[in-house]
Every structure is written in C-alpha cells, then in structure tokens.
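Values quoted throughout were computed directly from the atomic coordinates according to the rules given, and no laboratory measurement underlies them. The model shown is predicted, which means the values in this text are computed figures rather than measured ones. Because the Cβ atoms are built from the backbone with ideal geometry, glycine has one as well, and the counts that use them run over all protein chains shown.
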Amino acid sequence: MAHQMLSSASKLERLILRSTQKGYFDTLQLRRHLTLLKNGTTLSMIEQLQQKWRLFCKEPPKGFEKFFKPGGAKNAENVAKKAEEASSKKASTQKPSSSSSSSSSSSKDSGFQWAFKMFSDSSQRGGKSFEGGDKDRTFMILGALGVTGLLAYILSQDFNQKEITWREFTYNYLSKGLVDKLEVVNKKWVRVRLLPGHTVDGSDTLWFNIGSTDTFERNLENAQIELNMGPENYIPVVYKNEIESANILSYLPQIFMWGLLFYLIRRSAEAMTGKGGKRGGLFGTVMESTAKLINSKDIGVRFKDVAGCEEAKIEIMEFVNFLKNPQQYIDLGAKIPKGAMLTGPPGTGKTLLAKATAGEANVPFITVSGSEFLEMFVGVGPSRVRDMFSMARKHAPCILFIDEIDAVGRKRGGRNFAGHSEQENTLNQLLVEMDGFNTTTNVVVLAATNRVDILDKALLRPGRFDRQIFVPAPDIKGRASIFKVHLAPLKTILDKDQLARKMASLTPGFTGADIANVCNEAALIAARDLYDNIKLKNFEQAIERVVAGMEKKTNVLQPEEKKTVAYHEAGHAVAGWFLEYADPLLKVSIIPRGKGLGYAQYLPREQYLYTKEQLFDRMCMTLGGRVSEEIFFGRITTGAQDDLQKITEIAYAQITQYGMNEKVGNVSFQMPKPGDMALDKPYSEYTAQLIDNEVRELIDRAHKRTRALLDEHKENVIKVAERLLKQEILSRDDMIELLGARPFREKSTYEEFVEGTGSFEEDTTLPEGLKEWNKSKEESSEDGDKKDKAAESGESQTQSSKIASSDKQPQQRL
C-alpha cells in the first residue's frame, strides 16, 4: 500500500511540474490523480507483475510442454480469470489494506505453486511429478550440479590467492608490517593474511611454499630478529589441515567409478525385483518374453494363398472356427484342442500355414521362435515362457504359434553330464504352462518343426498337443495348385492352367518352397534376356537351375575329358532307355552344372512302393556311366563317384532295412541318420560281414547286367555320344530320333499321371461345418435375415405387380 501511495504521489508531482511549465492547470487530470490517491484502487506493481505472470503462463513455457497435462492450459486460464475477477472485485469494493495484503499474499502463493507445479505432486493442476526414472534422473542431475558447484567454489578460492616467494614476503610485506598472521596449511605451504584494508591485486591473502616446518620457523625467527622485532610483536603462526583442490581432483576418478557401480547395482536390483511394475536395467529386458503380437493387417498371406496341403489347411481352419463359433462345438460336448503340432519336411508350408492363420484369424495371434527362449543367462528361458503365456491369457481367446519348437523341446536326459540344463528347465516350464495347474483356456498353441523324432514324448501327448498335423511334400495335383498360386502374378501369354499342369508333371518331389523358387527363377531368366513376357523355355531353364545348379559355360574341358563325359552320359541314357523300370529320360547334357561335368534329367513317376526288380533296374541305370567308360576307353575315372554312392545306398537299404535278401532275412535294422552319433552298429560282427558280402554280390550282378546291356547296344551309345559332342544337349525327341521309340510304356503328361485318381484337380471342398469358418453365427444369421427380407420384398413386389397388371386388363362381360 505504501508503494502505491508513493507511486501516486510521484505522478501528482510530475503533473504539477508539467502544469507549471505550461502556465495552466489541467483540473481534470488533477482530480483524477487525487481520486486515485484517495481511494487507492490501482493495483500495486507487485500485483501487476503477478497478473502478467499468470497471463504469460496460460500456455506452458517453450520446451516444458512435457511437464504439463493437456488440461493444464485450461486450468491456467481459469487461474488467470479468477485473478482478474479478484482484482476487479477489489477495485470495485473498498477493503482495508490488511485484507488486500492478505489476498495479494494468497494470490502470490497460488501463483508460486502453479509456476512450480512441475516439481510438485502430479495431482496438482495436471503437472507431471518426477517419479521412477525421472526422480532418479533428477537426483543425479542435482548431485552433479552440487559437485560441480563445490569444485567451482574450491577452485575459485584457490584463484583468489596470489603466490609469492620468501624473498618477496620478507622485504615487501613482513618488513613493512603488513602481515596480520601466517597459516601453515598441511605443512606444505603458508597462507599470508594481510592486515585489514591492505590488498594485493584485489586479494588480502597470499601464499608461498615451504620445504619443512622446522626450516620455515627458523627462517621466520631470523627474519624477525633482523628486522629488530620484539618477541611480543612476532607474527602469530597457526597450523591447519585443509582439503586441497588437487587432492579432490585426484580422487574424482575413484568417486566416479564407485558412483557408477552403485547406480548399476541399484538398477539391476530394481530390475530383478520388478520394482515399479516394469523390468529394466541389466537383466530386466532379458527376462521378458520376445513374443510378438501380430496385426492381421500387416500379414499379406491368406488361406487362398496356401495350396497343396488341403487336409492340413482344414485342420487349422477348424481351430479358428472354434475360437470364432465355440457354441457349434460346445452344444455337442466337444472341447477345443489344446494345441497342434505341424510336422513335415522343410519347405512344405508349415510356417506359411501359420502366416495364413495370422492373416485370417479374427483373434489375436502371438508368434515366437523356439530359439528365443535360450540365452546365456540361467533362468531366462523359464521366465520368458511364463511371460509369454501370461501375455496369451491376457489376450484370450488367441492363437500362440511357436516356430522351430525342436530348439526347446528336445528329449530330456542322456545329453547333460553337468547335472543342469537350461533347455530342460525351459521345457519343464513349457509343459507346466500347457497342461498343469496353470491350465490355459481359450489359448490354442500351434507349433512347427521338421524334427518331430527328437521331441520329448511328454510334449507330444494329448492334452498339450492334441493333434499332429503332418504336412508332406505335395503330390502332382498339389503341385499344380501351388503353381497356379505362384503363376498368378507372373506375366506370360501362356495358358496358366495348362502351364501349371505341365510344370507339375516336370517337378516330382518338389516342395512349395522349390516351386516358388522355380517361378521366381523363370521370371529372373526372362528379365535377363530382355523378354517382354515369360516363355516356356524360361521355366524349363529354371527347373534345370534348381535341380542341377548353375550352368558353367566358362568351365573349359579338355577334348579328352569332354569325350569321356559324353560317353559316360550316353551310357546312362542308353541303359535307362532299354531298362523297363528305369525313369523316362527328359534331357541329357554335357554342359557342366553345379558340381557335375554333365547330367541327365529324368522324369520319376509318382510312386510310393518299389519292388526288387525296380530297384535293381535303377542300380543298373546308375552304373551305365562307369560301364561305358570301361567298354570304350578301357579305364575308369573319378566321374562315377556320385553314381557309386547312390547304388551303395540302394544296396544297403534293400538288405538292412527292406528285408529283400534271402540270407540276411526279413529284418530291418534302425540305421543312424546323417548327423547322429553312431557309437556301435545295431547288429553283430557276423551279420555285418554277411551284409557286406551280400551288398558286393548285388552290385556285382548289377554291373554284369549293365555291361551285357551296353555291349548289346554299343552302336547306340556311340550315336548318342557323337551327337552330344556335336550339340552338347539332347532332348527326348533327339533320343527317339537316334534310338527309336522306347520299347516300354511310359507316362509323361499330367493327364496320364492323374489317370484313375478320380479328378484332374485337387479336392478343395470344405466340410459343411467349415463353409463359413471365418464368420460368426450372428453375422451369418444377419446375412440370412437380410436375404430372407430381400426375398420377401421381391415376392411382395411381384404380387403387387401382378395385381396391378390384372387391374389394367379389360374385364369380360357375360
């Protein structure tokens, strides 16, 4: 209030002075200022600053928006409006000065709280409090600022002192009587305190170094005696121990290391205990599950893109239909299967089925890889399994897909010599989560592996994985369906349906991944040759590229080696041409591909059972190259290594697995698979010797028969070899031209292969209960009601039209 009166009085004085200079008084202005002085209704300067501060803080300051909630600006506006209303009320009503001062103080307090609300509780005006990580960060920043300020203060104290020498101290200060006292600090240096009122370069403190205290005391006493100073006038000496800045700086690295270690230990302890409801620090993120929740919009694969495995697709559709329409099964007392295991060779479409399920399912789809459970830290695998199933329960009903489950589901025992296995603990936790006390409901677990033989039996039992869905390599109808899917986006003028059938007949044994690779390679080859569309020969070249490898035109062969390769391949071709059970020949070439110097392409039939005669003919056809070298060159080469490996495998399989030998008998020994550790053989030494003898005898008989066959058709071998040296590639038509038609009936077209199987295309019809598998019963009933209403409205319209037409017709009179 006093400030307000002084301000009004100064304005009045300026008005009077201005009026005196002008020579007249402005009575209106004088009356106005006197009224203001009398009432005292004008806001004080402090209140004006507060009001301007509130108006300025209507919006958060730039750079501090994150400390305020979206409603903070509205609250600020309300505070400003209240302040304006309070000031207007105070201006309109005359109150005592004490009340105005109290109101101003209260407004100041509220303004202070509002301005610093980002450092207060978050419940006040939408501010964000420093809790959790922000609180720790704030303490770290404040601690760093405090240490920096302390160091700056100590260094500033050192900079304010001036260093001098003993000579300067004696002649410039001690002799002139300017020294008040001396302080010996840490027995290393002396601080000189000057008398009050005396300074040197703005500082009243000087210092100099000393060697030892005894020498300093002796020199000081001698200097004072020389200056004729009495003992009563001696300068007082004080000994002190102080912390020097140099010592503090030497300890800084250790302090920093201990502080960092303490911070890391604290963070790791919080992470392991789960403090704050989250996991962080050193091990927190490691213990969390890496499972991902898939959005169906991000997956571009649907069930229409999956072909060649209709049976497996129907099984997967049933899971989705159960989650979508559970009442259809519950009414019959059925329970949803806990899980399904997709097994089969690599590339048959197990993961593709899972992708299609993720793209089609209207329920959450969670995916994880089996190898993500195994880390270097103990306990990570079980923790991730628990976290993954906890996530699945939160999103139930849902589908959980574990790819390559053999990484975590291997058989327990026998392999761990140390007595502890992280993989076994992870498997135990997985077994408990799937069917234990924590039984999951409405969580379907899908898994995929191509090594079902190494999985633990407890994992495969009903109640965990109720179904094992085997996804085999597609047959000829399935390959045709897969080719149609992959040929759809390709640019070609060929009939894609006929092309798919032809390619299916040319690719026996191919999986879905191989077929996709063939289609892609055909497009790449066509683009390499600058074709505007993909031609049939591009697809044939793609098949050769996938089967035999890349063509090596730069691999230069010597004329003698090239001739040997030509007769070797001619022996294969002629032997297979005149053997009844050998596969039909498609192409023979002496152009190096992959690791081989030549190759012959055959067309195996779709066959699952083989007789002894069929296997024996295959052995003879495989030995044709080696026998041809013996006949025409009188020597053998290393080119028959791959052929010898194949006939050895066939011979041993007949005797040890198929029971096709009279001496060994109808026995089948379980032989170790490639990559497995074989410590001993499953039969005795006598049986092993007997098996070896029978294998040699079988191969010897095949060799004799092949030699007799090629001796009989020696001229044909020469014809084929000479044509190969000339053209390098012979097709089936060239072989017919040289050797005549094959004396045995053979199948080569799609129609011939599928003859007698019921239909030319794959059966894709769905069961009655799955025809609307991706629609709930409510949606289907609504669609049916709409159709019924449309039908009723159509019938009513036809009836009304009939009545109107009958009204328009002329009536007959009797």
Of the listed links LYS552/LYS726; LYS646/LYS673; LYS411/LYS673; LYS502/LYS719; LYS477/LYS595, those spanning more than 27 angstrom between alpha carbons are LYS502/LYS719; LYS477/LYS595
Report the local net charge at LYS355: Lys and Arg +1, Asp and Glu -1, summed over other residues whose C-beta lies under 14 Å from its C-beta. +2
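What does the C-alpha gyration tensor say about the overall shape of the stretch 160-242? Classify as rounded when a/c is under 1.5, otherwise prolate if a/b is larger than b/c, or oblate.
Taking the square roots of the gyration eigenvalues as a ≥ b ≥ c, the stretch 160-242 is oblate.
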Which of the three applies to the stretch 477-548, rounded, prolate or oblate, going by the alpha-carbon gyration tensor with a ≥ b ≥ c and a/c under 1.5 meaning rounded? oblate
Residue by residue through the stretch 227-240, the couplings from Karplus 6.51 cos²θ - 1.76 cosθ + 1.60 with θ = phi - 60°, in Hz, x for Gly and Pro, are 8, 6, 8, x, x, 5, 9, 4, 6, x, 10, 10, 9, 9
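For ARG167 and PHE256, what does the FRET efficiency come to when R0 = 45 Å and r is the distance between their Cβ atoms, rounded to the nearest 0.05? The partial results should precede the final answer.
Values: r = 42 Å, r/R0 = 0.93.
Here the calculated transfer efficiency is 0.60.
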Report the net charge of residues surrounding THR656, where surrounding means a beta-carbon distance below 11 angstrom and charges are Lys +1, Arg +1, Asp -1, Glu -1. -2
Per 0.36 nm of contour for each residue apart, how much would the distance between ARG461 and GLU697 grow if the chain were fully extended, relative to their Cα-Cα spacing? 80.4 nm
Using 0.36 nm per residue, how much length does the chain from ASP734 to THR290 gain when fully extended, once their Cα-Cα distance is taken away? 153.9 nm
Normalised contact order of the stretch 160-242, rounded percent, pairs of Cα under 8 Å and 6 or more residues apart: 36
So for MET503, MET550, MET341, fewest C-beta neighbours within 10 Å to most, what's the order? MET550, MET341, MET503
